[in-house]
Amino acid sequence: MAVLLTTNLESVPLLGRGKVRDLYAVGNDLLLVATDRISAFDHVLGSGIPGKGKILTQVSLFWFDLLKDIVPNHLITAEVGEFPALLRPYAGQLEGRAMLVKRAAMFPVECVARGYLAGSGWKEYQASGSVCGIGLPAGLLDGSRLPEPLFTPATKSQDGAHDENIPFSVMEEAVGAEDAAELRRLTLALYAKAAAHAEARGLILADTKFEFGRVGGKIVLGDEALTPDSSRFWEGAAWKPGGAQPSFDKQFVRDYLESIRWNKMAPAPALPDDVVERTQAKYLEAFRLLTGRELVL
């Protein structure tokens with residue numbers, strides 16, 4: 001199948017292109033289009049994963065619906081037939097991968113929930129015995145379940161650089177103590193419900209990040225939700241602390257890039273067909289396990 005690396009909506013104002021999503025202005029609202037771009041080590045690679053944008057969008061829509069009792073979200077509609085008339089000529093580019101959303105005033109932090117020790121949290125724990133200033137018991141391993149889920153905010157990079165973990169006190173200074181407390185409460189509530197659903201489907205939600213904004217004075221969940229790009233999903237039956245866990249993400253891509261000793265500098269390389277196919281299959285499997293549905297690309 002064809003891969004969509006860049007959208008072109010011609011007369012529709014383009015606001016920006018992220019690592020994966022293209023953002024357009026549609027009147028007072030926004031159009032988020034998930035492309036098939038894939039990034040690793042903070043660089044967009046020279047080839048994409050066919051259908052990845054559709055998978056990410058459909059996963060987000062599933063979670064937006066499941067979690068709407070905890071916090072409203074920014075979604076207006078993901079049905080192309082319900083989009084404004086000026087978008088109809090581009091239905092081929094938008095079908096299954098675009099969301100028309102409310103324009104929100106976004107908080108300048110990533111809201112991260114961790115139920116397990118992994119990634120940057122594991123590195124920080126090794127160095128200091130803590131994560132984001134939160135002390136943890138001695139003797140934990142890479143992949144260990146934490147005594148309780150942690151809220152560990154991070155900076156929101158504006159230029160593609162890597163996000164950095166910050167103490168909660170720094171977040172309070174950035175957004176105010178009242179909003180910081182509410183964002184922490186919402187993040188942990190969303191994580192708890194999502195982790196319980198994942199566990200029932202044979203998966204572990206090790207960690208995830210959310211972005212929140214404000215629409216009409218109310219806090220809403222924005223951007224995407226609980227996709228393999230923003231979350232670590234592990235195979236529950238294979239979980240064994242003490243090293244990397246079998247995961248539903250772009251690990252095949254990272255492993256390949258490490259194997260060719262890429263210097264992690266631009267330009268980023270393209271991927272061989274087998275890595276593309278295995279990565280696509282892993283994303284599709286994550287969708288099937290989480291939603292109980294098959295996705296036809």
Point to revise | Cα gyration tensor category, rounded, prolate or oblate, for the range 161-207 with a/c compared to 1.5 | key: oblate
Review point. Which of the trypsin sites (Lys or Arg not before Pro) across the range 36-126 are loop residues per DSSP, with 13 or fewer other Cβ within 10 Å?
Key: K68
Revision key, fill the gap. In whole percent, the fraction of accessible protein surface over the range 180-297 that belongs to carbon or sulfur atoms, probe radius 1.4 Å, stands at 51
Review point. What lysines could a cross-link reach from K54, if we take a straight Cα to Cα line under 26 Å and drop same-chain neighbours fewer than 8 places away?
Key: K19, K68, K102, K156, K193, K209, K250, K282
Point to revise | Fluctuation leader among R184, R261, R145 - the chain, Gaussian network, Cα springs under 10 angstrom | key: R261
Review point. For the range 240-293, what Kirkwood radius comes out of the mean inverse Cα-Cα distance, in Å?
Key: 12.8
Study note, to complete from the structure: The summed charge of the T152 Cβ neighbourhood (under 15 Å; Lys/Arg +1, Asp/Glu -1) stands at -1
Check your understanding: Once you put a point 7 Å from the Cα of A192 and another 7 Å from the Cα of W262, both along the Cβ direction, what distance in nm separates them?
Key -> 4.0
Study note, to complete from the structure: Put L188, L150 in order of accessible area, largest first, probe 1.4 Å, and you get L188, L150
Study note, to complete from the structure: In the chain, taking the dipole from +1 charges on Lys and Arg beta carbons and -1 charges on Asp and Glu beta carbons about the Cα centre, the listed residue (I55, H74, A189) farthest towards the positive end is I55
Check your understanding: Do the sum for the chain: with -39,500 (n - 2.57) for every DSSP H run of n ≥ 4, divided by all residues, what is the mean residue ellipticity at 222 nm, to the nearest 500 deg cm²/dmol?
Key -> -9500 deg cm²/dmol
Exercise for review: Whole Å is fine, so just give me how far the alpha carbon centre of the range 189-225 lies from that of the range 81-158.
Suggested key: 9
Review point. Which translational diffusion coefficient, to the nearest whole µm²/s, is obtained for the chain from the Stokes-Einstein equation, given a Kirkwood hydrodynamic radius over C-alpha pairs, 25 °C and 0.890 mPa s?
Key: 123
Review point. What list of ³J(HN,Hα) values in whole Hz, one per residue of the range 28-33 in order, does the Karplus curve 6.51 cos²θ - 1.76 cosθ + 1.60 (θ = phi - 60°) give from phi, with Gly and Pro shown as x?
Key: 8, 9, 10, 10, 9, 10
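Where Rh is the Kirkwood radius over the Cα pairs of the range 63-201, the temperature 25 °C and the viscosity 0.890 mPa s, what D in µm²/s does Stokes-Einstein return? Show your work: numbers first, answer last.
Values: Rh = 17.5 Å.
Calculated translational D: 140 µm²/s.
The values are calculated or read from the model by the stated rules, or taken from the named source; none is laboratory data. Since we're looking at a predicted model, the values are computed, not measured. Neighbour counts are summed over all protein chains in view; Cβ atoms, including those assigned to glycine, are modelled from backbone coordinates with ideal geometry. Side chains are part of the model used for accessible areas, which takes the heavy atoms of the whole protein and leaves out ligands, DNA and RNA. Shrake-Rupley method; radii C 1.70, N 1.55, O 1.52, S 1.80 Å.
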